[in-house]
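Contents: one structure, followed by commentary.
The values are calculated or read from the model by the stated rules, or taken from the named source; none is laboratory data. Nothing here was measured: the structure is a model prediction, and the numbers come from that model. Cβ placement follows ideal geometry from the backbone for every residue including glycine, while neighbour counts extend to all protein chains displayed. Please note that ligands, DNA and RNA were not included when accessible areas were found on the heavy atoms of the full protein model with its side chains. Shrake-Rupley method; radii C 1.70, N 1.55, O 1.52, S 1.80 Å.
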Amino acid sequence: PHAPSPEPPDPLDPAQSRSQSPSMMSFSCSSIGAALLAILVAALIATSPKGVTPNVIPDDSYTNLVPPWPIFRALVPLSDFFQSAAAALTPPNVRLLNLATSFWKSEVLYALTKNGVIDAVGDGPVYCGALAKTIKLDPAVTCRYMNAGVKLGLFDKDSDGAFSATEMGKLVQGNTTGNMRSFVLMINEESRDAWRAAGVKSIKTGAKSGFHENFGTEFWEYHESRPEKSKQFDEAMLAVSVGMIGAIIADYPLPKPDAIFCDIGGGQGSLLANVLHHYPNATGILFDLPNVAGTTGQSFLTKEGLKDRAKVITGSFFDELASELQQCDVFFLKFILHDWDDESCLKILRNIKEIARPGSEIVNADFVRELRPAGSSMETSIALMDINMLASNPMGAVERTFKDFKTLYRKAGFAEDPQLIPLRDLMSVIRVRLN
């Protein structure tokens, strides 16, 4: 005789239900969680922009710094969530104290950079007292600044008390490729004074920028008569533009592989050089003031091996543009329009429109406000940059919304509506094609 078969579990029997529910519930929850995650990932991939694949991607391409679109779209709100959660768990008085004393951090960074402390650390490890004597600083004070640098993530300090530069600290060492030393110095020197003047003078009169209020002249004229400051500014802009240039190349589609790319107000030509390195059949023109493009621009492009593919034309975009620019397929304005008031922007756009041939396009790359949720950290950064425009540039310089840009282009006489091209960056691109 066969043994009787076991009875199947009775789902209505509470005892059996209780004995099986933990494992079943665990399996069920993990399965649902995995399914939801898979759906979210699939949705992110399906709805994300595809980006652009240039003809060539050099080994040292700045596009290597740009994350894939699905990851970028996931990490930005995730970062905002954790920042919001941290703020919510911090008492208001502590948040206010942190806000009021936030300049202390930049002053420590500035002191360690300006006095060559971070440079002297090198790869480390070094002892602060000995280092201070080497670069003729007071040992006790230097050690206190370096200890503060540890708390800010600029240095590591081992159990013997020796200091080494962190990866972030190395970014302000002058011998590091792509270092941000010039930016740290620039933003904590004249820019600091311009901010204070904007907050106590410009805010009352609305007549002059903070820079003009403090120094008696505008930013551009001040730098024109001080070559060392102009050089510092160029180096600072190059340092902070690395990720932005990578994002532009990764998401802005050149109209054709052999396009003539014209970098208007392009400084020494870093954007132009990077575009040409990614599009070997393209050529370009660097256009800027004689004291900018005429010297450093030509030498930079030659150093980049682009002497035969890029040429320099000097002039002002407020004047009638050179006839050679009629051949441009792309007039690219990176961080130009936000430097000027509406009337000045209209002058720039109309001058380009006057010589641009049908089929060409005008592209401006700027921080565009109100593209993201109000509480986004990226919107906060743009709001602060808007104050920086008020402090550092002629009155009327401003960060604009996409609607503002559409109004500018319409007033400048462009028939076609601008197209917004999002980037994996704080910056966005706006493109207008000429019929």
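Modelled spin labels at K50 and F82, positioned 7 Å past Cα toward Cβ, are 3.3 nm from each other. Summarised as an ellipsoid, the chain has semi-axes of 45, 34, 23 Å, derived from the eigenvalues of the Cα gyration tensor scaled by 5 and square-rooted, with the largest first.
In terms of its C-alpha gyration tensor, the range 225-307 comes out prolate, because a/c is 1.5 or above and the ratio a/b outweighs b/c.
In the chain, the longest principal axis of the Cα atoms and the axis of helix 69-88 are about 80 degrees apart. Overall, the accessible surface of the chain at a probe of 1.4 angstrom is composed of carbon and sulfur to the extent of 59 percent.
The residues of the range 51-203 present an accessible area of 60 Å² per residue when probed at 1.4 Å with all protein chains retained.
Judged by the mean number of other Cβ atoms found within 10 Å, the most tightly packed of the peptides 219-225, 90-96 leads the ranking 219-225, 90-96. Students often forget the sequence filter, so: which lysines lie under 20 Å Cα-Cα from K50 once same-chain residues fewer than 8 apart are removed? Of all the lysines, those that pass the test against K50 - Cα under 20 Å, at least 8 places apart if same chain - are K256. Taken along its principal axes, the alpha carbon cloud of the range 168-227 reaches lengths of 43, 25, 12 Å, longest axis first. Take Y127: with every protein chain present and a 1.4 Å probe, its accessible area is about 120 Å². With contributions of -39500 (n - 2.57) from each DSSP H run of at least four residues, the per-residue ellipticity at 222 nm computed over the chain stands at -15000 deg cm²/dmol.
The C-alpha atoms of the chain define a longest principal axis, and helix 402-411 lies at about 30 degrees to it.
Eigen-decomposition of the gyration tensor built on the alpha-carbon atoms of the range 45-100 gives equivalent ellipsoid semi-axes of 37, 16, 6 angstrom, largest listed first. Take every Cα pair under 8 Å whose residues are at least 6 apart in sequence, average their separation, divide by the length of the chain, and the relative contact order is 13 percent.
Placing +1 on each Lys and Arg Cβ and -1 on each Asp and Glu Cβ, with no other charges, gives the chain a dipole about its Cα centre of roughly 460 debye. Classified by the C-alpha gyration tensor, the range 328-401 has an oblate form. Its axis ratio a/c, with a ≥ b ≥ c, is 1.5 or above, and a/b does not exceed b/c.
Accessible area ranking (1.4 Å probe, heavy atoms, ligands and nucleic acids excluded), largest first, for R400, R144, R309: R144, R309, R400. In a simple Cβ point-charge model (Lys, Arg +1; Asp, Glu -1; nothing else charged), the range 82-178 has a dipole of about 300 debye relative to its Cα centre. As a calculated quantity, the FRET efficiency between D59 and K411 at R0 = 56 Å, using C-beta atoms, amounts to about 0.80. Of the beta bridges in the chain, as assigned by DSSP with both residues counted there, near 40 percent are antiparallel.
Over the C-alpha trace of the range 48-138, radius of gyration and Dmax come out as 21.2, 55 angstrom.
Accessible surface of C143, taken over heavy atoms with a 1.4 Å probe and every protein chain present, rounds to 30 Å². Note on L137: accessible area approximately 50 square angstrom, rounded to 10, probe 1.4 Å, nucleic acids and ligands left out. Computed over the range 302-427, the alpha-carbon pair-distance distribution with 5 angstrom bins reads 2, 9, 17, 21, 18, 15, 10, 6, 1, 0, each value a whole percent. Under 14 Å of direct C-alpha separation, and excluding same-chain neighbours fewer than eight residues apart, K170 reaches these aspartates and glutamates: D119, D123, D156.
Strictly greater than 24 Å: what percent of every Cα pair in the range 244-361 meets that? That tail contains 20 percent of the Cα-Cα pairs. Straight-line cross-link reach from K411 at under 20 Å between alpha-carbon atoms covers these lysines, not counting any fewer than eight positions away in the same chain: K347, K353, K403. In percent, rounded to a whole number, the relative contact order of the range 100-177 is 33, using alpha-carbon pairs under 8 Å and six or more apart.
In degrees between 0 and 90, to the nearest 10, how far off the longest principal axis of the chain does helix 342-355 point, with axes built from Cα atoms? Between helix and principal axis, roughly 80 degrees.
Per the Cauchy relation, a quarter of the hull surface: what is the mean projected area of the convex hull of the alpha carbons in the range 293-357, in nm²? Please list the in-between numbers first.
Values: hull surface 19.6 nm².
Averaged projected area of the range 293-357's Cα convex hull equals 4.9 nm².
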